[in-house]
Amino acid sequence: MDKFDIKPGHNVAVIWDNVSTAESNSKLVQDIRVIIGHSGHVAMENIERLQISAHKRSSFDVVLSGVVPDSATLHTFDVFAEIARILKPGGRFYFKEPVCKSGDNGGLKTVSQLISLLKLAGFTEICEVEQEHLSTDKLSSVIQSIGLPGASLLRLGVKAKKPDFEVGSFSQLKLSFAKKSLPPSENPQLDPTAAKAWILSAMDMNDEDVELIDSDELLDENDLKKPDSASFHAMSCGDGKKKKRACKNCTCGLAEELGGREPKDVKTLQVKSSCGSCSLGDAFRCASCPYMGMPAFKPGEQILLSNKILSDA
C-alpha cells in the first residue's frame with residue numbers, strides 16, 4: 001500500500017469493474033481503512049456508474065482503479081476526466097489497464113495512447129509504475145473478460161497527479177518590472193549633428209537664457225507704409241492712359257470715387273412700404289418685401305438695389 005501514497009485522514013475512492021471479485025475488493029478496502037483511520041473515508045464506485053455518481057468536485061485525495069489482481073478495467077477519456085474532477089488539487093491517481101504492446105489490437109490502447117489521454121484529461125507527472133506480463137491463464141481470462149482477441153497484451157500500472165489548482169480557477173498576476181540602469185558607457189548618446197526640435201514651454205518664458213524674438217522686428221519699412229487705395233482696383237478699371245471706369249458689378253469702391261457716377265444696372269429704389277416695417281430688418285418684413293436680405297436702414301434713407309436683386313425679388 002506504500003506505493004499508493006495513502007496517509008492517515010485521506011479520502012480514497014476505489015473504482016472496480018464487473019470482472020473483479022468481491023473478495024479482492026473487500027480486502028483492498030480493509031487495507032486502506034487500516035491506514036487512513038477513523039478520520040478518513042473510503043468510497044467504492046463501479047466504473048460504469050462513475051459519471052452519474054453524486055461525488056462532489058475535489059472530494060478525494062487518492063483514486064485507485066483496476067489495482068486488484070483479477071481486474072481488467074478499460075478506461076476511457078470520459079472516465080479520466082471524471083476522476084480528475086473528483087480529485088483534490090495535488091491528488092494522486094493510480095490504475096492498471098491491459099494494453100497492447102504494439103499496433104492496433106481491436107480497440108485496446110498502446111502505452112503512448114494511454115499517456116496521451118491522461119494528458120488531455122489534465123493530469124501531470126505521469127509515469128509507469130510497473131509492467132505486468134500476463135501468464136497464459138491470466139491472459140486468457142483478460143481476453144475473455146474484455147471480449148477482444150489478441151495475444152500481445154500486458155497490464156500497465158500508471159500513476160498520475162492532478163495539478164495543484166482547480167480546473168477553471170484563476171489568480172491575478174503581480175508583475176513588477178524593475179528599471180534597469182545602464183552603465184555610463186552603454187547610455188545612448190545623441191548625435192550632435194542631428195537637428196534639434198525648437199520647443200518653447202511656459203517655464204522658458206522666465207528663463208534668461210532663452211532668446212525671444214519680437215514680432216514687430218519681423219516687419220520692414222514697406223510693411224509699415226499705408227497702402228495706396230489705387231492698388232486695390234482691378235487692372236480692368238483703367239491702366240492710367242484711359243479714363244477710369246467702374247465695372248458693372250463694382251465692389252472696389254471706384255464707382256463712389258468717380259463723383260457719384262453709378263453703373264447702369266444700379267437704380268434708385270423708391271418703394272413705399274405697405275407695412276411700415278421695412279427699415280427694421282428681415283424679422284419685421286413681409287415675405288414679399290423687396291428689402292428682404294438687406295440690412296436695416298433709417299426711414300427715408302436712399303437704398304440702391306441692382307437689377308439682379310430686383311429680379312430675384
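The values are calculated or read from the model by the stated rules, or taken from the named source; none is laboratory data. This structure is a prediction, so every number in the text was calculated from the model and none was measured. Glycine gets a Cβ as well: all are built from the backbone with ideal geometry, and neighbour counts include every protein chain shown.
Quick notes on this one:
- The set of residues from the range 60-106 being polar (S, T, N, Q) and surrounded by 17 or more Cβ atoms within 10 Å (Cβ to Cβ) comprises Ser65, Ser71, Thr73, Asn105.
- Here Ser71, Ser39 are screened, and the one residue that is closer than 19 Å to Lys3 by Cβ and without any contact (Cβ under 8 Å) to a residue 60 or more places away in the chain is Ser71.
- Some residue of the range 61-72 being over 16 Å from Asp17 (Cβ atoms) and in the same structural domain as Val42 (by TED's automatic domain parsing): yes
- Residue within the range 274-288 that is modelled with pLDDT under 70 and either in a loop (DSSP other than H, G, I, E, B) or closer than 30 Å to Asp228 by Cβ (or both) present: yes
- Sole residue being under 18 Å from Arg155 (Cα atoms) and aliphatic (A, V, I, L, M), chosen from Ile86, Ile35, Ile15: Ile15
- When each of Ser26, Ser58, Ser65 is tested for being among the polar types (S, T, N, Q) and over 20 Å from Asp5 (Cβ atoms), the lone residue that passes is Ser26.
- Test: residue in the range 78-87 that is at pLDDT 90 or above and part of a strand (DSSP E or B): yes
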